[in-house]
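Notes to accompany the following structure.
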Amino acid sequence: MTDEPPLDSAAVRRRTYSYLGPAGTFTEAALAQVPEARGQEWRSVRNVGEALSDVVEGRSDAAMIAIENSVDGGVSTAQDALATMPGLRIVGEYLVPVDFVLVGRPGSALEDVSLVAAHPVAYAQCLQWLTRTLPAHAHVPASSNVASAMGLLDGTSDADAAIAPPGILEHHELELLAEKIGDNLNAVTRFVLVSRPVAVPPPTGADKTSLIVELPDDRPGALLEMLEQFATRGINLSLLASRPIGDSLGRYRFVIDADGHIQDERMADALLGLRRFSPKVIFLGSYPRADRAIVRYPDRYSDDIFIEARDWLRGLLSGEPEA
């Protein structure tokens, strides 16, 4: 037996992760929660489409994107990108509490603010505070929460102030004009880590399955028929969002988060039902829930019940006498 030389750490390929930048965004905070991403290459991008294209085209191993907010709902750009870009799989989800500050150029004051730069989602989450405090303000959209503040410093924005994450003050010389300006102090944004297709990890008991399902046609009862695939199997939906397919009026796809794992008998049975019903079903992944809450369901929907039913049917087909 010969001793093998130690593995050269420099020869080990570093993984690359794309995220909506620049540094200091909530997306970066979500990526910081991923243990395997620590110490790896983080690639700052300008939008969700670029982040997912990095994954599809092999520039990154995975991308962190915002998918849902507890106040503003689903992030439509992310949902549409996942529906139209093949070869993607959600491998994890992460929750980031959302808090905002209003910042300005050094020496500025709150009473001088009339034009506010903000990412549209952030703006919506601070609208009540802005309406109450700055009733005559106008809004200029920004590509990210950090970019809104950076525009004040680099001269690319005409805004007087910007809505940004509190951490921006740790990286840049900005004037703090107001803090905790979010309308909902319990606001949370849900992020998902997206990679190329990989083997589905085993169930943990606290899992979520994400899907995108198209309705076959615009007719009475079509949506109910789709929902029955879950209801009749005891599966709770934690997200149901409609998005227009875009090829004609009345054509929709539905973004779905279902409690459970594809290896659960009831979930597998529901997916088979969806496959028979829908012209297009996109499986985005089964992965552990961020809150690690165990999925509860009635005993009549346990795996054993589905297995026994299949065994019963096989017995009928083979001519076995019923017990």
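The values are calculated or read from the model by the stated rules, or taken from the named source; none is laboratory data. In this text, all values refer to a predicted model and were calculated from it rather than measured experimentally. With ideal geometry, Cβ positions are generated from the backbone for all residues, glycine too; neighbour counts draw on all protein chains shown. Each accessible area value is taken on the protein alone, full model and side chains, heavy atoms only, with ligands, DNA and RNA left out. Shrake-Rupley method; radii C 1.70, N 1.55, O 1.52, S 1.80 Å.
Scanning segment 283-295 for residues that are touching a helix residue (DSSP H, G or I) at 6+ places or on another chain (Cβ under 8 Å) and either buried (at least 19 other Cβ atoms within 10 Å of the Cβ) or on the phi > 0 side of the Ramachandran plot (or both) yields Leu284, Ser286. Within segment 119-141, the set of residues being under 20 Å from Asn186 (Cα atoms) and of a type in the set (A, V, I, L, M, F, W, C) comprises Val121, Ala122, Ala124, Cys126, Leu127, Trp129, Leu130. Please verify whether segment 59-66 includes one or more residues that are part of a helix (DSSP H, G or I), open to solvent by 10 Å² or more (accessible area, probe 1.4 Å), within 26 Å of Ser195 (Cα to Cα) and small (Gly, Ala, Ser). Checked segment 59-66: no residue is part of a helix (DSSP H, G or I), open to solvent by 10 Å² or more (accessible area, probe 1.4 Å), within 26 Å of Ser195 (Cα to Cα) and small (Gly, Ala, Ser). The set of residues from segment 144-169 being in contact with a Lys or Arg (Cβ under 6 Å, 6 or more places away or on another chain) and modelled with pLDDT under 90 is empty.
So in segment 232-251, with the set limited to residues that are touching a strand residue (DSSP E or B) at 6+ places or on another chain (Cβ under 9 Å) and within 15 Å of Leu274 (Cβ to Cβ), which one is most open to solvent (accessible area, probe 1.4 Å)? Here the residue is Leu240. Residues of segment 165-176 being more than 20 Å from the chain's Cα centre (by Cα) and either under 30 Å from Ile282 (Cβ atoms) or open to solvent by less than 30 Å² (accessible area, probe 1.4 Å) (or both), which ones? The answer is Gly167, Ile168, Leu174. A single member of Arg292, Arg300 is over 29 Å from Asp218 (Cα atoms) and in a helix (DSSP H, G or I), and it is Arg300.
Scanning segment 32-55 for residues that are within 21 Å of Val12 (Cβ to Cβ) and part of a loop (DSSP other than H, G, I, E, B), we see that the one that is most open to solvent (accessible area, probe 1.4 Å) is Arg38. Identify the residue in segment 210-231 that is assigned to a loop (DSSP other than H, G, I, E, B) and in contact (Cβ under 8 Å) with a residue 40 or more places away in the chain and, among all such residues, is nearest to the chain's Cα centre (by Cα). Applying the filter and picking the extreme gives Leu215.
Within segment 260-282, residues that are on the phi < 0 side of the Ramachandran plot and at pLDDT 95 or above sit with their Cβ atoms under 9 Å from residues that are of a type in the set (Val, Ile, Thr) and assigned to a helix (DSSP H, G or I), at 6+ positions apart or across chains, in these pairs: Glu265/Ile305; Glu265/Ile307; Arg266/Ile305. Among the residues of segment 260-295, write down those that are closer than 27 Å to Thr189 by Cα and polar (S, T, N, Q). Once the filter is applied, which keeps residues that are closer than 27 Å to Thr189 by Cα and polar (S, T, N, Q), segment 260-295 yields only Ser286. Answer yes or no as to whether Ala29 is hydrophobic (A, V, I, L, M, F, W, C), within 23 Å of Ala122 (Cα to Cα), assigned to a loop (DSSP other than H, G, I, E, B) and modelled with pLDDT under 95. So Ala29 does not fit the description; no. The single condition among (1) touching a Leu at 6+ places or on another chain (Cβ under 7 Å); (2) at positive phi that Gly73 does not meet is (1). Checking segment 83-97 against the condition returns no match, with no residue being open to solvent by 10 Å² or more (accessible area, probe 1.4 Å), touching a residue at least 12 places away in the same chain (Cβ under 8 Å) and part of a helix (DSSP H, G or I). Do the conditions hold for Ala187, that is, is it small (Gly, Ala, Ser), at pLDDT 95 or above, closer than 30 Å to Leu110 by Cβ and surrounded by fewer than 21 Cβ atoms within 10 Å (Cβ to Cβ)? When the stated conditions are applied, Ala187 does not pass them.
Of everything in segment 98-119 that's farther than 13 Å from Ser148 by Cβ and out of contact with any Asp or Glu (no Cβ under 9 Å at 6 or more places or on another chain), which residue is least open to solvent (accessible area, probe 1.4 Å)? Per the stated criteria, the residue is Val98.
The number of residues in segment 136-179 being part of a loop (DSSP other than H, G, I, E, B) and touching a helix residue (DSSP H, G or I) at 6+ places or on another chain (Cβ under 9 Å) comes to 13.
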